[in-house]
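Coordinate-derived values only; no laboratory data. This structure is a prediction, so every number in the text was calculated from the model and none was measured. Cβ: placed from backbone, ideal geometry, glycine included. Neighbour counts: every protein chain shown.
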Amino acid sequence: MNLNKYTRRESIEVAIGTTKIGGSNPIAVQSMTNTATADVAASVAQTKRIADAGAPIVRLTAQGKKEGEAFAQIIPQLRAEGYNTAIVADIHFVPEIASIAADYVDKVRINPGNYRTEGGEFEALIEKCRKRGVALRIGVNHGSLARHIFDKYGDTPQGMVASAMEFLERCVKADFNQVVVSMKSSNTRVMVHAYRLLVEAMESAGMKFPIHLGVTEAGNGIEGRIKSAVGIGALLADGIGDTIRVSLTEAPENEVPVAQMLVEHFSERSGEFCVLHPERYFSTEYSRRSDIQTPIIHSEITSEFKVIEALSNNPTAEWRAAILNNDNIKEPTVIRRRYNDTEPEKVAVKAAADMGQLLLDGLADGVWVDAPNISQKDVEEIELLILQASRVRISRTEYIACPSCGRTLYDIEGTLAQIKARTSHLKGLKIGVMGCIVNGPGEMADADYGYVGAAAGKITLYKGREVVCRNIPQNQALDRLVELIKQNGDWIEQC
Ligand code: SF4
């Protein structure tokens, strides 16, 4: 390996309609609609907005037959209006819908947790995809693993990889290679470890399938952007990832510029300019290099810390090399980098993408975002959120909020804002805010409390994984959530 060069992991090319990913193609940005897929006019309009924002791939959920059949109208309408956007059907619980959607779409995403290991259902889908030239994504999600995998591995990165490999091997056996794979989680550490383990497993099996990256339920605003950038950036920094989706609890077209920012950020470091790239350091278990309990932000630096400033255009590798290859560094370390951007969002995304990996791997003990063109208040907020998204210092409530999709049963963006207004002063709690009862409870995996859409106008509240109040009217749900937090002794009054 050339240690002086940033390289992307080698992958084969997969065609999703006219869009190609993997191989030597640039990293493709994608997003997902949150309209009811069966509402053809709304779905076409939103797909166009996402495509206009610059995403060549758009995914729509297909939870039932009528959604699967809706592609028969959605796709011709888009094509008639000149949109060649690659259209992907997202299948979760009903494998038969994959077969319906495969008659129309360019790619089908399945969750292997919902397929039987025997019976030929998956092989029949492969045959259909092969015939029509449809690509397939094996999309594993932390929190929805198949029973036999869960029993053997628990809900772990190892289990996620075993689940993906089982299905990738079935694709190889059927001699079908138009396959993409993903390992999503809302926990950035789980997500990064799962993808790294996947890369190792695929390398040992001689597989070169392209990889789709994403952090699920990242939330909204600056927090959502930072959380996505930490997880996605930690992998892109090592050349892992062929297509990305930044999931935000906002209008889906807002996801596109953030994803583009990440792609651009890493495209700048290709070529010979990167001065350092040590042997790959693929930690798949978390441990801290120093015994500092709470990683710091720059205003908290004292003389016991050593500051390492990265100056090259491959900062992640530069910091990593400085820390790993230098036995003389005994002190806890703060990683520093100058960002001259004038928009806080850009500083946040770039710094999170560069610095997150060092925190996720326990190598750095603090961050210094040196951004002279934004306010100190914004800098400190960004630094704290990077530590929080990397799970090394939890200083505020974390919201595990789904981006919403055609299954969402209420206005999730507005509701999340109301929940934040009442609870954001609480420290260290994780609150799941999920659109539907089908996937929500599994995907908010490690939340302390959950607010989940159960039916139209009805919410079910969770404490951990247990249902505490079922089907309460939505206009009472936030008060009941606050009551529940109080009953469990996790409430503090706002000062
Ligand atoms: S949890 Fe949210 S994004 Fe996931 S399927 Fe349900 S509504 Fe859609």
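Structural remarks
- Burial ordering of Phe305, Phe122, fewest other beta-carbon atoms within 10 Å first: Phe305, Phe122
- Note on the chain: dipole from Cβ charges, positive end direction compared against Asn177, Ala218, Val452; the farthest Cα belongs to Asn177.
- Counted over the chain, the DSSP beta bridges are approximately 25% antiparallel.
- Eigenvalues of the alpha-carbon gyration tensor of the chain, scaled by 5 and square-rooted, set the equivalent ellipsoid semi-axes at 34, 29, 21 angstrom, largest first.
- Across all Cα atoms of region 296-389, the radius of gyration (one decimal) and Dmax (whole number) stand at 12.4, 38 Å.
- Computed FRET value (nearest 0.05) for Glu300 with Lys131, which takes r as the C-beta separation and R₀ as 56 Å: 0.40
- Computed over the chain, relative contact order equals 14 percent, with contacts defined as Cα pairs under 8 Å that lie 6+ residues apart.
- Cα-based values for region 1-109, radius of gyration first and Dmax second, are 15.5, 53 Å.
- Theoretical gain in end-to-end length, Tyr83 to Asp341 [0.36 nm per residue, Cα-Cα removed]: 89.5 nm
- Relative contact order for region 1-158, counting Cα pairs under 8 Å that sit 6 or more residues apart, in percent: 18
- Over region 296-389, Cα pairs under 8 Å with separation of 6+ residues give a relative contact order of 34 percent.
- Partner lysines whose Cα lies under 28 Å from the Cα of Lys427, excluding those fewer than 8 positions away in the same chain, are identified as Lys184, Lys227, Lys346, Lys350, Lys377, Lys458, Lys463, Lys486.
- Surface/4 estimate of mean projected area, convex hull on alpha-carbon atoms of region 398-487, nm²: 5.0
- Whole-Å distance, taken between Cα centres, linking region 193-216 and region 441-495: 35
- Computed from the C-beta positions of Ile394 and Asp370 and an R0 of 25 Å, the FRET efficiency is 0.55 to the nearest 0.05.
- Other residues with beta-carbon under 15 Å from the beta-carbon of Ile301 carry, at +1 per Lys or Arg and -1 per Asp or Glu, a net charge of -4.
- Taking every DSSP beta bridge that has both ends in region 296-389, the antiparallel portion is near 0%.
- Using a simple spin-label model with pseudo-atoms 7 Å out from Cα toward Cβ, His148 and Ile492 lie 4.8 nm apart.
- Rounded to whole Å, sorted largest first: equivalent-ellipsoid semi-axes of region 319-459, Cα gyration tensor: 35, 18, 13
- Placing a pseudo-label 7 Å from each Cα along the Cα-to-Cβ vector at Ala456 and Arg470 gives an inter-label distance of 2.2 nm.
- Per residue convex hull volume, Cα atoms of region 14-267, in Å³: 111
- Förster radius 30 Å - calculated FRET efficiency between Asn114 and Ala42, Cβ distance, rounded to 0.05: 0.70
- Net charge dipole size for region 14-267 [Lys, Arg +1 and Asp, Glu -1 on Cβ; Debye, nearest 20]: 180
- Longest exposed-site-free window of the chain, the sites being GluC sites (Glu not before Pro) in a DSSP loop that have at most 15 other C-beta atoms within 10 Å: 305-492
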